[in-house]
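The values are calculated or read from the model by the stated rules, or taken from the named source; none is laboratory data. Keep in mind it's a predicted model, so treat the numbers as computed, not measured. Positions of Cβ are backbone-derived with ideal geometry, glycine not excepted, and every protein chain shown enters the neighbour counts. Note: accessible area is taken over every heavy atom of the protein model, side chains too, but ligands, DNA and RNA are not part of it. Shrake-Rupley method; radii C 1.70, N 1.55, O 1.52, S 1.80 Å.
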Amino acid sequence: METLWTPLFSFMVFTLIFGLFGDMVAYKTKAVVSAVIIGCICYLSGMLLGIIPADSISSTGLPAIMNAFGIAMMITNLGTMINLKELIREWKTVVVACAGLVGIAVIAFTIGTWLFGKEYSLCAAPPISGGIIAAILTADAATAAGRPELATFAILVCSLQLFVGLPVASRCLKMEAKRLLKQKDGVHESKKTSKRDEGWNLKIIKSWPKWTQTTGIIMFKLSFVAVIATWVSNLTLLPGASRPLLNSSIAYLIFGVLFTEIGFLERESLQKANAFGVLMIGTLAVLPGNFASVTVQNLIDMIMPLIGMLVFCTVGIAVLSTVTGKLLHYSMPVSIAIGVTALFGYPCTQIVTEEVVQSVDATPEQKEMLTASLLPKMLIGGFTTVSVASVVFAGLIVPMIF
């Protein structure tokens, strides 16, 4: 059976599960059940049962490609999809996202500690706040303290949290989409916003010659900006520090935005280069790798604190995000959706939003309005929690555990 799992066969199975099967379920359920959830459930079950080899995804080479340059290209491209005025305008989203992390902290130090103990509770909080980076920080500290089981627990929380976050986000986004469509002037308001944005123009390069609109040239320009962002991030690495002050992911996003504003990069560069679909597949391939270290015994021993912390922390996120969103005049559904981006981050923030928008019964113009309203909030919310705030959060919480 091992000879069957060649890199090509593994890739075919991956596209079958995440592509054909996942997309079909997402379409039939109108995005109530995300393709990402279906894919991850299939891989987790398959790996636990021994049906899918633990190295099947890594053998395709996709995770290696994404870790080498794919993620950098995707995040830089993300910057080409958001204008500078929009980033400034979305300051409320940042506040709501951070409020969700406060909700996690409140639960971890109260209900979580009372029910599951301080170590389990506090080990769960950083991964829930932002995924793999915070989980690695927690796991490394647990291993150094001679508690490998807590390191496993942190990775387990990171591996399974999207199963809670994505359904909540999908449901809330659908509620928000319906609410926006009921507003009589929703589409017209979107147009007014676009006109106001026209006044914000930082373009130095007005346009590129038509002959430069090729896959190779567009990809070169995008990778060139990503390289500059990497260099700048590395310059912020202080002597004796293990991580640069400016996270590379944030640098990719910032430079993607700036170089698009000055006209060096095209809007939606990867899409125009016809490379977005391939790299999105590669991005999805990174997700199942988290399940390789999960065993049945891990699930049995940690099932109660695992489920309990995910559920209670999600409630904490929802409550604090809703209260903060109310103060900032955000609706409850969109506030919760922004808050729970901590449970999955990019690319799931983009995938679940696009699935919801495509599933609603609306005209192309209305769907464009929905995307313009929902996608920036989800993307910025995800980057706020996963890329920035979660690292700070883990740095504060981890020393309190051991």
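Points to keep in mind about this one:
- From the list Leu166, Leu156, the one residue that fits, being under 13 Å from Ala337 (Cβ atoms), under 22 Å from the mean Cα position of the chain (by Cα), part of a helix (DSSP H, G or I) and at pLDDT below 90, is Leu166.
- Those residues of region 140-154 which are surrounded by fewer than 24 Cβ atoms within 10 Å (Cβ to Cβ) and of a type outside the set (Ser, Thr, Tyr), in sequence order: Asp140, Ala141, Ala142, Ala144, Ala145, Gly146, Arg147, Pro148, Glu149, Leu150, Ala151
- Within region 229-242, the residues that satisfy the criterion of being open to solvent by less than 40 Å² (accessible area, probe 1.4 Å) and either among the acidic types (Asp, Glu) or in contact (Cβ under 8 Å) with a residue 12 or more places away in the chain (or both) are Ala229, Ser233.
- Within region 287-296, tally of residues that are crowded, with 16+ Cβ neighbours inside 10 Å and part of a helix (DSSP H, G or I): 5
- Selection of region 351-367 for residues being touching a residue at least 40 places away in the same chain (Cβ under 8 Å) and either touching a Ser or Thr at 6+ places or on another chain (Cβ under 7 Å) or assigned to a helix (DSSP H, G or I) (or both) yields Ile351, Val352, Thr353, Glu355, Val356, Val357, Gln358, Ser359, Glu365, Gln366.
- Test set (1) within 21 Å of the chain's Cα centre (by Cα); (2) not in a loop (DSSP other than H, G, I, E, B) - Ile303 fails condition number: (1)
- Sole residue being closer than 29 Å to Val227 by Cα and small (Gly, Ala, Ser), chosen from Gly61, Gly117: Gly61
- Residues being among the small types (Gly, Ala, Ser) and crowded, with 22+ Cβ neighbours inside 10 Å - total across region 57-69: 0
- Condition met for Leu137 (touching a residue at least 60 places away in the same chain (Cβ under 8 Å) and under 21 Å from Ile300 (Cα atoms)): no
- Pro333 in contact with a Leu (Cβ under 8 Å, 6 or more places away or on another chain), open to solvent by 10 Å² or more (accessible area, probe 1.4 Å) and assigned to a helix (DSSP H, G or I): yes
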